[in-house]
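Here's the structure we're looking at; comments come further down.
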Amino acid sequence: MTKNYKIVHDREICIGCNACATICDKYWKMNDDGKADLIGAKKVGEFFELEIDDLECNREAAELCPVNCIHIIDLKNGKKLI
């Protein structure tokens, strides 16, 4: 089944502020190295990606990220939402 959205995490620039894990703990957790992990994501090149049906709390997590390391792509039209 085709998913609606793709979350792309640029983990390298993550500063570990914990906003994503606090707002959206179903999808985000803090790692022992102090950076956030996107739960269930696969590494694709230099980024971590996860396709999902519903944005749920991920839009808010992306909007609150102070270094903009969380991106959301609408897979229906290929446009970046955040």
Distance in nm between K42 and T2 label points, each 7 Å along Cα→Cβ, equals 1.8
Put a dot 7 Å past each Cα toward the Cβ at D74 and D33; how far apart are the dots in nm? 3.4
Pick from G34, G16, G45 the residue whose mean-square fluctuation is largest in a GNM of the chain, springs joining Cα atoms under 10 Å. G45
Cross-chain or 8 or more residues apart, Cα under 17 Å: how many lysine pairs in the chain fit that? Count them up, please. 15
Restricting attention to the alpha-carbon atoms of the chain, what are Rg (one decimal) and Dmax (integer), both in Å? 11.7, 36
Here region 9-25 yields Karplus 3J(HN,Hα) values (6.51, -1.76, 1.60; θ = phi - 60°; whole Hz; Gly and Pro given as x) of 10, 8, 4, 4, 8, 4, 9, x, 6, 6, 4, 4, 5, 6, 6, 9, 6
Tell me, what is the FRET efficiency for T22 and L81 to the nearest 0.05, using R0 = 25 angstrom and their Cβ-Cβ distance as r? 0.75
Helix-only [θ] at 222 nm, the chain, -39500 (n - 2.57) per DSSP H run of 4+, per residue, nearest 500, equals -3500 deg cm²/dmol
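Bear in mind that the values in this text are calculations on the coordinates, not laboratory data. As the structure is a computational prediction, the values presented were derived from the model and not from experiment. Cβ atoms come from the backbone with ideal geometry, glycine included; neighbour counts cover every protein chain shown.
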